[in-house]
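*Asks:* Would you mind keeping the following structure in view while I ask a few things?
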Amino acid sequence: MELFTSLVQQLFFLAALAAAAIAVTSRVQRIAGNIRLGKPLDRTDRPAERLKTMLLIAFGQKKMFDKPLVGLMHFIIYAAFIIVNIEVLEIVLDGLLGTHRLFAPYLGSAYRLLLNFFELLALGVVITCVIFLIRRNARLVPRFWSREMTEWPRMDANIILTAEIALMFCLFTMNAADSILQTREDSAYAMAHYPEVGSFLVSSLLIPLYKGLDTGSLILLERGAWWLHILGIMSFAVYVTYSKHLHIALAFPNTYFSNLEPKGKIENMAVVTAEVKSMLGINDGQEAAAPQEISRFGAKDVEDLTWKNLMDAYSCTECGRCTASCPANITGKLLSPRKIMMDTRDRLEEKGELIAKFGEGYDDGKSLYGDYITKEEVMACTTCNACVDACPININPLDIILQVRQYIAMEESATPASWNSMFANIENNAAPWAFSASDRFNWASEIK
């Protein structure tokens, strides 16, 4: 009977693990397909510098420590997420093999030290998540309550933080009940399945709560906490792929493929540059490239952006540091770089759903510019790069803003009148001012 029960649990665990794996794989494929809707962009140069950037920014959390206390708390959660996965590996193997504390016999006394370290990290996660919940919901940080932070973005953050607290509590309960069962000699099952590894630093504080339970109840408590913990982790893995917390995974490739050029450098449109050179008869020594078919200048919808822009959108943590540092936003303008990224992701998700349902080329009559991002927003940008500099994982909202502006200028001819005058002056006088090059130094004669 015991063998049958164990086998049933193993089969159930295998089914749950397979379902989670299929769900995550399907979602990852959808996200990857959506990112591939973007235009090609070569980001394979300078691999050593890219690797260094990823290690410093994503792995080392360099930008997070611009605010040391918040950076430290975020690092605790981040470190726990990576390191505690060692214990998750043991739990997964236990579930598949029908064992319990598989690694204990092989690690000896080091096993208890390792679990104590894991529990201290887990306690740090609980404390940090509680602090983050208070910061987010007590209106202590204004950027968490900007207009784009509607009910769902706020709820998303609260769901994740609450889930992390619950998962850690399940871990403590599981370990506390396990510690008691190690000492119970009135049950053959307890003696056979709970090897003596001792109690642990944090979960031992819960032992007085459970010590009075009989052995059968303790086994149910331990097994219940074990199942809730691992099923919670599986559910968390699936949920993250729909959440802003996808940055947990995407921060690494996103920082690796960062733009390594100086932040003030704005790339010219290659096709326009080639056309102008051709019209002017300029030969820069390079062979003329084959003519490229241009569907539109600039970006109106997500497929007009590059794949890196779309990866940026999925990587956005919605932390709002970009918006908090934006001078246009600070002075009351509608522009919010965070909203630009959130709108891009929302439109990309919508576009991906339509393509999956109706096939490529389906037009729903909507677009990123116009239905999500307004002209007033993008025209408020001063191109100062404050948002780019502030982002903890090197997201570039400015690049999307500039591409939408290119569409407004080159496709709609809808730039402000003052801009049009400047464009005309540059075209006619090679300068923003309304006088010819020969008159530029007339002011000097007045000084004489």
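*Asks:* Taking the range 411-448, which residues are at positive phi and more than 39 Å from the chain's Cα centre (by Cα)? Walk me through it before giving the result.
*Replies:* Of the range 411-448, the ones at positive phi are 413, 430.
Within the range 411-448, Ala430 is the sole residue that qualifies.
*Asks:* Quick one: Met234 ticks every box in (1) farther than 25 Å from Ile393 by Cα; (2) touching a Phe, Trp or Tyr at 6+ places or on another chain (Cβ under 9 Å); (3) open to solvent by less than 30 Å² (accessible area, probe 1.4 Å) bar one, so which box is it?
*Replies:* (2)
*Asks:* Condition check: touching a residue at least 24 places away in the same chain (Cβ under 8 Å) and over 18 Å from Ala225 (Cα atoms). Does Arg136 satisfy that?
*Replies:* On the way: touching a residue at least 24 places away in the same chain (Cβ under 8 Å): yes; over 18 Å from Ala225 (Cα atoms): yes.
Considered against the rule, which asks whether it is touching a residue at least 24 places away in the same chain (Cβ under 8 Å) and over 18 Å from Ala225 (Cα atoms), Arg136 comes out as yes.
*Asks:* Can we say Ala15 is part of a helix (DSSP H, G or I) and either open to solvent by 50 Å² or more (accessible area, probe 1.4 Å) or at pLDDT below 95 (or both)?
*Replies:* Values: part of a helix (DSSP H, G or I): yes; either open to solvent by 50 Å² or more (accessible area, probe 1.4 Å) or at pLDDT below 95 (or both): yes.
For Ala15, the condition - part of a helix (DSSP H, G or I) and either open to solvent by 50 Å² or more (accessible area, probe 1.4 Å) or at pLDDT below 95 (or both) - is met.
*Asks:* Would you confirm, using the coordinates I've provided, whether Thr374 is of a type in the set (Ser, Thr, Tyr), more than 30 Å from Gly33 (Cα to Cα) and surrounded by 12 or more Cβ atoms within 10 Å (Cβ to Cβ)?
*Replies:* Numbers: of a type in the set (Ser, Thr, Tyr): yes; more than 30 Å from Gly33 (Cα to Cα): no; surrounded by 12 or more Cβ atoms within 10 Å (Cβ to Cβ): yes.
So Thr374 fails the test.
*Asks:* Which residues, taken from the range 236-261, are among the small types (Gly, Ala, Ser) and assigned to a loop (DSSP other than H, G, I, E, B)? Lay out the reasoning, then the answer.
*Replies:* Step one: of the range 236-261, the residues among the small types (Gly, Ala, Ser) are 237, 243, 249, 251, 258.
Ser243, Ser258 - these are the residues of the range 236-261 that are among the small types (Gly, Ala, Ser) and assigned to a loop (DSSP other than H, G, I, E, B).
*Asks:* Among the residues of the range 340-353, is any in a loop (DSSP other than H, G, I, E, B) and exposed (fewer than 15 other Cβ atoms within 10 Å of the Cβ)? Break it down stepwise before answering.
*Replies:* First pass over the range 340-353, keeping only residues in a loop (DSSP other than H, G, I, E, B): none.
Looking for residues that are in a loop (DSSP other than H, G, I, E, B) and exposed (fewer than 15 other Cβ atoms within 10 Å of the Cβ), one finds none in the range 340-353, hence no.
*Asks:* Name every residue in the range 162-179 that is crowded, with 20+ Cβ neighbours inside 10 Å, under 25 Å from the mean Cα position of the chain (by Cα) and of a type in the set (A, V, I, L, M), in order of residue number.
*Replies:* Leu167, Met168
*Asks:* Still on this structure: Just wondering, is there one or more residues in the range 252-269 that are more than 25 Å from Arg154 (Cα to Cα), of a type outside the set (D, E, K, R), open to solvent by 70 Å² or more (accessible area, probe 1.4 Å) and modelled with pLDDT under 85?
*Replies:* Checked the range 252-269: at least one residue is more than 25 Å from Arg154 (Cα to Cα), of a type outside the set (D, E, K, R), open to solvent by 70 Å² or more (accessible area, probe 1.4 Å) and modelled with pLDDT under 85.
*Asks:* Tell me which residues, restricted to the range 204-223, are open to solvent by 90 Å² or more (accessible area, probe 1.4 Å) and either among the acidic types (Asp, Glu) or within 19 Å of Asp94 (Cβ to Cβ) (or both).
*Replies:* Asp214, Leu220 - these are the residues of the range 204-223 that are open to solvent by 90 Å² or more (accessible area, probe 1.4 Å) and either among the acidic types (Asp, Glu) or within 19 Å of Asp94 (Cβ to Cβ) (or both).
*Asks:* Okay, moving on. Sort out which residues of the range 293-334 are among the basic types (Lys, Arg) and out of contact with any Pro (no Cβ under 7 Å at 6 or more places or on another chain), and write them in order of number. First the steps, then the outcome.
*Replies:* Step one: filter the range 293-334 for residues among the basic types (Lys, Arg), giving 296, 300, 308, 321, 333.
Scanning the range 293-334 gives Arg296, Lys300, Lys308, Lys333.
*Asks:* Could you please find all residues in the range 352-381 being in contact with a helix residue (DSSP H, G or I) (Cβ under 6 Å, 6 or more places away or on another chain) and not hydrophobic (A, V, I, L, M, F, W, C)? Lay out the reasoning, then the answer.
*Replies:* First, pick out the residues of the range 352-381 that are in contact with a helix residue (DSSP H, G or I) (Cβ under 6 Å, 6 or more places away or on another chain): 352, 362, 364, 368-369, 372-373, 378, 380-381.
If the condition is that a residue be in contact with a helix residue (DSSP H, G or I) (Cβ under 6 Å, 6 or more places away or on another chain) and not hydrophobic (A, V, I, L, M, F, W, C), then Gly352, Tyr362, Asp364, Tyr369, Tyr372 are the ones that fit.
*Asks:* Restricting attention to helices (runs of 4 or more DSSP H) lying wholly within the range 38-108, give those where 1 or more residues are under 21 Å from the mean Cα position of the chain (by Cα) and under 19 Å from Ile395 (Cα atoms). Can you show your working first?
*Replies:* Working: elements: 47-54, 68-83, 85-97, 104-107.
Result: 47-54, 68-83.
*Asks:* Can you spot a residue in the range 298-312 that is in contact (Cβ under 8 Å) with a residue 40 or more places away in the chain, under 18 Å from the mean Cα position of the chain (by Cα) and part of a loop (DSSP other than H, G, I, E, B)?
*Replies:* No, every residue in the range 298-312 fails to be in contact (Cβ under 8 Å) with a residue 40 or more places away in the chain, under 18 Å from the mean Cα position of the chain (by Cα) and part of a loop (DSSP other than H, G, I, E, B).
*Asks:* Which members of the range 185-212 meet the condition of being more than 22 Å from Phe103 (Cβ to Cβ) and either in a loop (DSSP other than H, G, I, E, B) or out of contact with any helix residue (DSSP H, G or I) (no Cβ under 7 Å at 6 or more places or on another chain) (or both)?
*Replies:* Of everything in the range 185-212, those that are more than 22 Å from Phe103 (Cβ to Cβ) and either in a loop (DSSP other than H, G, I, E, B) or out of contact with any helix residue (DSSP H, G or I) (no Cβ under 7 Å at 6 or more places or on another chain) (or both) turn out to be Glu185, Asp186, Ser187, Ala188, Leu205, Pro208, Leu209, Lys211, Gly212.
*Asks:* May I ask you to list the residues in the range 106-157 that are open to solvent by less than 40 Å² (accessible area, probe 1.4 Å) and polar (S, T, N, Q)?
*Replies:* Those that are open to solvent by less than 40 Å² (accessible area, probe 1.4 Å) and polar (S, T, N, Q): Asn116, Thr128, Ser146.
*Asks:* Determine the pairs where a residue that is under 14 Å from Asp304 (Cβ atoms), located within the range 405-422, has a partner that is of a type in the set (D, E, K, R) with Cβ atoms under 7 Å apart, the partner being 6 or more residues away or on another chain.
*Replies:* Pairs that qualify, where the first residue is under 14 Å from Asp304 (Cβ atoms) and the partner is of a type in the set (D, E, K, R), are Tyr407/Arg296; Tyr407/Lys300; Ile408/Lys375; Glu411/Arg296.
*Asks:* Let me ask you something else. State all residues of the range 61-100 that are among the polar types (S, T, N, Q) and open to solvent by 60 Å² or more (accessible area, probe 1.4 Å); if no residue qualifies, say none. Quick ask: steps written out before the conclusion?
*Replies:* Step one: list which residues in the range 61-100 are among the polar types (S, T, N, Q), which gives 61, 85, 99.
Hit for the range 61-100 is Asn85, nothing else.
*Asks:* Yes or no: Leu201 surrounded by fewer than 20 Cβ atoms within 10 Å (Cβ to Cβ), of a type outside the set (Val, Ile, Thr) and under 30 Å from Ile35 (Cα atoms)?
*Replies:* Working: surrounded by fewer than 20 Cβ atoms within 10 Å (Cβ to Cβ): yes; of a type outside the set (Val, Ile, Thr): yes; under 30 Å from Ile35 (Cα atoms): no.
When the stated conditions are applied, Leu201 does not pass them.
*Asks:* Can you pull out every residue in the range 294-308 that is of a type in the set (A, V, I, L, M, F, W, C) and under 11 Å from Tyr369 (Cβ atoms)?
*Replies:* Step one: of the range 294-308, the residues of a type in the set (A, V, I, L, M, F, W, C) are 294, 297, 299, 302, 305, 307.
Listed by number, the residues that qualify are Ala299, Val302, Leu305.
*Asks:* Also, I was wondering about something else. Looking at Asn420, is it surrounded by 13 or more Cβ atoms within 10 Å (Cβ to Cβ), more than 15 Å from Lys300 (Cβ to Cβ) and out of contact with any Ser or Thr (no Cβ under 6 Å at 6 or more places or on another chain)? Spell out the reasoning first.
*Replies:* Details: surrounded by 13 or more Cβ atoms within 10 Å (Cβ to Cβ): yes; more than 15 Å from Lys300 (Cβ to Cβ): yes; out of contact with any Ser or Thr (no Cβ under 6 Å at 6 or more places or on another chain): yes.
Criteria met by Asn420.
*Asks:* For Tyr194, state whether it is of a type in the set (Phe, Trp, Tyr), open to solvent by less than 40 Å² (accessible area, probe 1.4 Å) and either modelled with pLDDT under 95 or touching a Ser or Thr at 6+ places or on another chain (Cβ under 7 Å) (or both). Let's see the steps before the verdict.
*Replies:* Numbers: of a type in the set (Phe, Trp, Tyr): yes; open to solvent by less than 40 Å² (accessible area, probe 1.4 Å): yes; either modelled with pLDDT under 95 or touching a Ser or Thr at 6+ places or on another chain (Cβ under 7 Å) (or both): yes.
In short, yes.
The values are calculated or read from the model by the stated rules, or taken from the named source; none is laboratory data. For clarity, every value in this text was computed on a predicted model and none was experimentally measured. Virtual Cβ from ideal backbone geometry, glycine too; neighbours counted across all protein chains shown. Ligands, DNA and RNA are stripped out before the accessible areas are found, and what is left, the full protein with its side chains, is counted by its heavy atoms. Shrake-Rupley method; radii C 1.70, N 1.55, O 1.52, S 1.80 Å.
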